[in-house]
Amino acid sequence: MPDVWIGFNSDDRRRYWWRNGIVTLALSAAMVAMSLTERGPGGWWLVGMFGVFSVAVGLSAMSSIYGRGLLTTAGLEFRTLFSRGSIPWSEVAGIERRQRLLRSTIWSDLRIVRGGRRSLTIPGTFTNRMRDAELERKQAVIQDRWSLAMSGRRSENQGLERPL
């Protein structure tokens, strides 16, 4: 079975870039306004902190937009701007959709639930659309891969019967 990439398509990446570009522009305008109105040397630290925050927001957005997951027969590999990792299918207890409210918008994403360990968000799966067919397709593909991997393991284990 071939490996499958989970991530944003070019239209979604462009849409999120526009949204983040507007936020970055607003943050830059606020920084310029703060620097022009600051009269003494004591307040420049606030402008610097705001600049560091803006860079952190931009890097986080880039990592979220370009992050992807690779579904293999062994498990799921995460690839983001800052990290890489993998989770074998045997550690996966479930795939869930999480919804949260941020700035009066409901955001949804997919998470890998692991038994006894913290859940992880799958890169390239967040959206703010209520009924997103693309997110549902991604969830179905991940569920299918996980089910196939687990059913293959069950059939392997059934052949290994131990005498009592």
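The values are calculated or read from the model by the stated rules, or taken from the named source; none is laboratory data. Computed from a predicted model, the values in this text were never measured in an experiment. Because the Cβ atoms are built from the backbone with ideal geometry, glycine has one as well, and the counts that use them run over all protein chains shown. Quick note on the areas: whole protein, heavy atoms, side chains included, nothing else; ligands and nucleic acids left out. Shrake-Rupley method; radii C 1.70, N 1.55, O 1.52, S 1.80 Å.
Per-structure values
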{"quantity": "Estimated vicinal HN-Hα couplings, Hz - region 10-25 in sequence order (Karplus 6.51, -1.76, 1.60; Gly, Pro = x)", "calculated": "5, 5, 5, 4, 5, 4, 5, 5, 4, 4, 6, x, 5, 5, 5, 4"}
{"quantity": "Net lengthening on full extension, T105/S28 (0.36 nm per residue, minus Cα-Cα)", "calculated": "25.4 nm"}
{"quantity": "Histogram of C-alpha separations across region 21-103, 5 Å bin width, %", "calculated": "3, 11, 14, 14, 14, 11, 9, 8, 7, 4, 3, 1, 0"}
{"quantity": "Between 0 and 90°, nearest 10: helix 133-158 axis offset from the chain longest Cα axis", "calculated": "30"}
{"quantity": "Probe 1.4 Å, protein heavy atoms only - accessible area per residue of the chain in square angstrom", "calculated": "65"}
{"quantity": "Cα pair distances exceeding 21 angstrom across the chain, given as percent", "calculated": "58"}
{"quantity": "Apportionment of accessible area to carbon and sulfur, the chain, percent (1.4 Å)", "calculated": "59"}
{"quantity": "Leading residue at positive end of dipole, the chain (Cβ point charges), from F82, P2, Y16", "calculated": "Y16"}
{"quantity": "Relative counts (whole %) of C-alpha pair distances in region 1-40, using bins that are 10 Å wide", "calculated": "25, 26, 21, 15, 9, 4, 1"}
